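Trainee: Sending over a structure as structure tokens; questions will come in a sec.
The values are calculated or read from the model by the stated rules, or taken from the named source; none is laboratory data. The structure displayed is predicted, hence computed values, not measured ones. Cβ coordinates were reconstructed from backbone atoms using ideal geometry, including for glycine residues, and neighbour counts include every protein chain displayed. The area values use the complete protein model at the heavy-atom level, side chains included, leaving out ligands, DNA and RNA. Shrake-Rupley method; radii C 1.70, N 1.55, O 1.52, S 1.80 Å.
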Amino acid sequence: MNLIVTTVEQGLIYGILALGVYITYKILDFPDLTVDGSFPLGAAVTAALIVRGVNPYLTLLISFGAGVLAGVCTGLIHVKCKVRDLLSGIIMMTALWTINLRIAGTANVPIFGEESIFDNDNMNGIFHGTLASYKVCVIVLVIAVIAKIVLDLYLKTKSGFLLRAVGDNEHLVTSLAKDQGNIKILGLAIANGLVALAGCIFCQEQRVFEISSGTGAIVIGLASVIIGTSLFKGLTFMKATTAVLIGAIIYKACVAAALKFFEPQDMKLITAVLFLVILIVGMERKKKVKGNA
Amino acid sequence: MLELRGITKYYNPGTVNEMCLFQDFNLTVRKGEFVSVVGSNGSGKTSMLNILCGSIPVDSGRILMDGEDITRMKEYMRNRRIGRVYQNTALGTCPSMTILENMSLADNKGKFYGLGRGIHKGRKEHYRELLRQLNLGLEDKMDVKVGTLSGGQRQAIALLMSTMTPIDFLILDEHTAALDPKTAEIIMELTDRIVKEKRLTTIMVTHNLRYAVEYGNRMLMMHQGKCILDRAGKEKEETTVDMILNLFNEISIECGN
Amino acid sequence: MNKKMVAVLVSAMMTMGLLTGCKSSDSQSGDAEYTIGISQFAEHGSLDNCREGFIEGLKEEGIEEGENLKIEYKNAAADQGTAKQISDTFVSDKVDLICGIATPSAQAAFNSAMNSDIPVIYTAVTDPAEAKLVDDEGNPVGEITGTSDELPIKEQLEMIREILPDAKKVGILYTTSEANSVSALSTYKKLAGDYDLEIVEKGVTQTADISLAAEELLGEVDCLTNLTDNTVVNSLATILDKANAQKIPVFGSEIEQVKLGCLAAEGLDYIKLGKQTGKMAAQVLKGEKKASEIKYETISEPGLYVNTKAAENLGITIDESLVSQAVESFDEISAS
């Protein structure tokens, strides 16, 4: 039972990251590798703030803001300097490695014993006795669901429509007298904000910032998005964002299962195979409008 | 009024593939004109539209919109007053969004895209009415994703979308070329109606000589980056498909085809 | 349609696997008297030695694998999230003790076990204070204790002075993202002056940087000394190659490095360290002491290791008296 709770916890944390990846990969059609840097960015900011006694709930907002900045930088590199999408992400990811180290001070910042969004008088008051083991899970669930609902609502606003349009058909956005570059930057900002938010929660759940925590974050995000959207493609009543969150939980369950049955060093290969299977099974390549007028 | 003054454009300058497209090209389209443009492939018709709209830069020359120099203006800025429909039926709509969402998106052109609701409920009946006029049965499919519609249906919606908001210029780039004859006919009639209703200054590039002759009040024929025929008003009305066809043949012989 | 079926099947199988997975291990853990979960952060020679020593140490105290002990060993493949998942699994399997090898695994184990009564024993944590596993007075912060692989830096500097009486500058190559290296480096800098030595540091961020950094560093120094930096140690062969070409001696930080061709080391024997840790774990398992009552330990006595073959190659003679002090002296260079 405990293991399932842990899996859901981890799944939901990475689910928030996957919501960000969903924006870039599915909506914007932009393979954004910034994620490997913005996830630990959220964690670094959080660790640095919590060690200095900042309210842990405030770190959620500040981390989101830090992620937004990172996304804007990637966007500016891509749009204004005309660097290819993949490379812009790689440049920013590389830069963030140093920035994260500077923000956190060292490569490993433990925050045991400090107040966190999970560990404070209020939360410990609400969750005690048998409920205590579900504390983290419930808090993460609440944050993930809020993030999902806000994102859903946003995608239904005028600005959200434009965001969806830019990944679908850049020409249309230009026809609507809007600069598609700015819209892309906006999308990258929101996406990396979510990713950093996930990093913030991850750091507080792990009670430690570790510079290497971002390695492979993009793979987890992509896998979650692809698993979620492929598996639940037929279910029209289910929103893509919900599917993505569930996808992340399924991915983490697979990792847990792999940990049980296989040697840990085989994990990456298993991940890769799983990834490939889902991709082939799902085989839904984005039909993007291309071509010149 | 749209003006192209002394436009020069080379493709691949400085390479062995250098190709001169326009050399001191001039064109003035007056307010309220509906210009149909014909010409063989590679004659520069679509490039001319791209230059007007800002999709491609010019090497020298000026582009004026109602007297204002827009040569350096970004494409998206020019589009505030320009509506454009492409040959590729996919370019005018968003496939993953519904008809209603697409129309709402287009309806907001020129206004701020903020955090207000994307779909204006009060406008829904208006959209339905616009769709009903198409006679394609789309008014009952407003929640269907545009990507699942046929090319003709998409093009009709694209045409509606590009002319929904107050614009002054309409650029049509072979917008019936990818459609079957019957749908092309419907779209062409719709185009004519909208242009007349909204009094749009229009430039239409087409390969269909009959459309070029039947519609519009001015006609251009382009060849190797030059206008070799320019007829307006009465002169245009007297032009027949055969005359144009003959002219085409002459050019082809000249070129050695 | 078919593809969808496959997808659903795959995910169903995974989920089933997960569920049955927890069950089977629950039933197994009942057989032995003790169950220990070992969570090792990465695949790494020194860490493997720690684990080996740990199991041996337990055995010396009468807790033997296969007899009265069941060991569940998991490796996080250098991923922090996985480390946490591993220790969470151990907690939900209700093991009797978790052994965390290397800092991130130790921290994850402590984090997972925080709300249970499962004690955590760690090893190969260079700075337990920095890792917040002990408080400012050096006492455990919970049911957690273990051993530190803090380098015997003082002894190392003393040895360098003795072997190379004329050396002035000592180069250190380290990875900027490894907290252990950064803290060891600052200790080196603090102590070097006492031995009239100057530390020249060169930070790298990844394996790819090492060749260049080593080349650059070798131009400025009289010798190199290693930390237990993972990235650097993994590229030791490259560094030794370059150093040997310029006849610059390289000092190691543990026995394995000396085997590979480092001149000498006043260093750790991770097997010994593991053994020491195993004995601590035995105390806790037998209920003699609680983990929170045991202070963390460092290796009682560093050992001197020398490689006479390396010395010969470099044209350096190590004083006979020093060689005789060595715990072990190698007269060949083993291929890695």
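Trainee: Mind checking the per residue accessible area of region A:2-214 for me, 1.4 Å probe, whole number of Å²?
Mentor: Roughly 34 Å² per residue, with all protein chains present.
Trainee: What net charge is computed for the residues neighbouring C:Asp331, neighbours being all others with C-beta under 9 Å from the C-beta of C:Asp331, Lys and Arg scored +1, Asp and Glu -1?
Mentor: On the way: positive: C:Lys309; negative: C:Glu312, C:Glu332.
Net charge around C:Asp331: -1.
Trainee: What do you get for Rg/Rh over region A:2-214 if you use C-alpha atoms and the Kirkwood form of Rh?
Mentor: Numbers: Rg = 17.7 Å, Rh = 17.5 Å.
Value, to two decimals: 1.01.
Trainee: For B:Met19 and B:Arg123, compute 0.36 nm times the residue count separating them, minus their Cα-Cα distance, and round to one decimal in nm.
Mentor: Answer, rounded to one decimal: 32.5 nm.
Trainee: In nm, to one decimal, how far is the C:Glu67 label point from the B:Ala232 one, both placed 7 Å along Cα→Cβ?
Mentor: 10.7
Trainee: At what distance in nm do the modelled label points of B:Asn41 and C:Glu328 sit from each other, each positioned 7 Å from its Cα along Cα→Cβ?
Mentor: 7.7
Trainee: Still on this structure, I have one more. Contour minus end-to-end for C:Lys295 and C:Thr187, with contour as 0.36 nm per residue of separation and end-to-end as the Cα-Cα distance? Don't jump to the answer; show the numbers that get you there.
Mentor: Working: separation 108, 0.36 × 108 = 38.88 nm, distance 2.18 nm.
Additional length available on full extension: 36.7 nm.
Trainee: Further, regarding this structure: Excluding ligands, DNA and RNA, what is the solvent-accessible area per residue of region B:1-46 at a probe of 1.4 Å, expressed in Å²?
Mentor: Working: 2260 Å² over 46 residues.
Per residue, region B:1-46 has 49 Å² of solvent-accessible surface.
Trainee: What spacing in nm lies between the two simple spin-label points modelled at C:Ala129 and A:Tyr134, each 7 Å away from Cα in the Cβ direction?
Mentor: 4.3
Trainee: Further question on the same structure: With a Förster radius of 45 Å, plug the Cβ-Cβ distance of C:Glu52 and A:Leu153 into 1/(1 + (r/R0)^6) and report the FRET value to the nearest 0.05. Could you put the intermediate results ahead of the total?
Mentor: Working: r = 56 Å, r/R0 = 1.25.
The value I calculate is 0.20.
Trainee: Can you list residues whose amide H is under 5 Å from B:Tyr10's amide H, if they're 5+ apart or on another chain and H is modeled 1.01 Å from N?
Mentor: B:Leu21, B:Asp59
Trainee: Let me ask you something else. Rounded to the nearest 10 Å², what accessible area does B:Arg218 have for a 1.4 Å probe in the complete protein model?
Mentor: Number for this one is 10 Å².
Trainee: Please work out the average accessible area per residue across chain C, using the 1.4 Å probe convention, and give it in Å². Could the numbers behind the result be given before it?
Mentor: On the way: 14240 Å² over 336 residues.
With all protein chains present, chain C gives 42 Å² per residue.
Trainee: Counting protein heavy atoms only and a 1.4 angstrom probe, how many square angstrom of accessible surface do chains A and C bury in total, to the nearest 100? Mind dumping the intermediate values first?
Mentor: Numbers: alone 14370 and 16220 Å², together 26670 Å².
Accessible area lost upon association: around 3900 Å².
Trainee: So what's the net charge close to C:Glu158: Lys and Arg +1, Asp and Glu -1, counting the other residues with Cβ under 12 Å from its Cβ? Each step should come with its number before you reach the end.
Mentor: Details: positive: C:Lys154, C:Arg161; negative: C:Glu155, C:Glu162, C:Asp194, C:Asp196, C:Glu266.
Once positives and negatives cancel, what remains is -3.
Trainee: So how far, in whole Å, is the C-alpha centre of region B:2-40 from the one of region C:190-214?
Mentor: Between the Cα centres of region B:2-40 and region C:190-214 lies a distance of 65 Å.
Trainee: Can you compute the label reach from B:Asp59? Point 7 Å from Cα along the Cβ direction, backbone N cut-off under 11 Å, restricted to region B:1-22.
Mentor: Under cut-off, by backbone N: B:8-15, B:18-22.
Trainee: Also: Carbon and sulfur: what percent of chain A's accessible surface (1.4 Å probe)? Write down the numbers at each step before the final one.
Mentor: Working: 7520 of 11130 Å².
Heavy-atom surface of chain A belonging to carbon and sulfur, 1.4 Å probe: 68 percent.
Trainee: Which FRET efficiency value, to the nearest 0.05, is calculated for A:Leu87 and A:Val277 with the Förster distance at 30 angstrom and r the Cβ-Cβ distance? Could you put the intermediate results ahead of the total?
Mentor: Values: r = 29 Å, r/R0 = 0.97.
According to the calculation, E is roughly 0.55.
Trainee: With the full set of protein chains in place, find how many percent of the accessible area of chain B is carbon and sulfur; take the probe as 1.4 Å.
Mentor: Details: 5970 of 12080 Å².
Carbon and sulfur: 49 percent of the exposed surface of chain B.
Trainee: Just give the residues from region C:129-158 buried by at least 30 square angstrom of accessible area in the all-chains context relative to the isolated chain, probe 1.4 Å, and say none if nothing qualifies.
Mentor: C:Glu130, C:Lys132
Trainee: While we're on this one: First obtain the Kirkwood hydrodynamic radius of the protein assembly as shown from its Cα pairs, then insert it into the Stokes-Einstein equation at 10 °C and 1.306 mPa s, and state the resulting D in µm² per second as a whole number. Show your work: numbers first, answer last.
Mentor: Values: Rh = 31.7 Å.
In µm²/s, the coefficient is 50.
Trainee: Between chains A and B, what is the buried accessible area summed over both chains (1.4 Å probe, protein heavy atoms, nearest 100 Å²)?
Mentor: Counting protein atoms only, the buried area is about 2500 Å².
Trainee: Leaving out ligands, DNA and RNA, what percent of the accessible area of region C:207-336 is carbon and sulfur, probe 1.4 Å? Provide the component values of the computation, followed by the final result.
Mentor: Working: 2510 of 5770 Å².
Using a 1.4 Å probe with all protein chains present, region C:207-336 comes out at 44 percent carbon and sulfur.
Trainee: May I ask you to list the trypsin sites (Lys or Arg not before Pro) in region C:201-261 that are in a DSSP loop and have at most 12 other Cβ atoms within 10 Å of their Cβ? List each step's numbers first, then the result.
Mentor: On the way: sites: C:Lys202, C:Lys242, C:Lys247, C:Lys259; in loops: C:Lys247.
Within region C:201-261, the qualifying trypsin sites (Lys or Arg not before Pro) (loop, at most 12 other Cβ atoms within 10 Å) are C:Lys247.
Trainee: Now for a different question. Name the residues whose placed amide hydrogens come within less than 5 Å of the amide hydrogen of B:Thr71, ignoring near sequence neighbours (fewer than 5 apart) on the same chain.
Mentor: Sorted by chain and number, the residues that satisfy this are B:Ile63.
Trainee: Using the alpha-carbon centroid of each, what span in Å lies between region C:98-162 and region A:1-55?
Mentor: So the separation of the two Cα centres works out to 28 Å.
Trainee: Which entries of C:Lys74/C:Lys202; C:Lys132/C:Lys202; C:Lys59/C:Lys84; C:Lys154/C:Lys202 show an alpha-carbon separation above 29 angstrom in the structure shown?
Mentor: Working: C:Lys74/C:Lys202 34 Å; C:Lys132/C:Lys202 27 Å; C:Lys59/C:Lys84 27 Å; C:Lys154/C:Lys202 21 Å.
Listed pairs above 29 Å: C:Lys74/C:Lys202.
Trainee: Using θ = phi - 60° and the Karplus curve 6.51 cos²θ - 1.76 cosθ + 1.60, what whole-Hz ³J(HN,Hα) does each residue of region B:150-155 get, with Gly and Pro shown as x?
Mentor: 6, x, x, 4, 5, 5
Trainee: Can you put A:His128, B:His175 in order of accessible area, largest first, using a 1.4 Å probe?
Mentor: Greatest to least solvent exposure: A:His128, B:His175.
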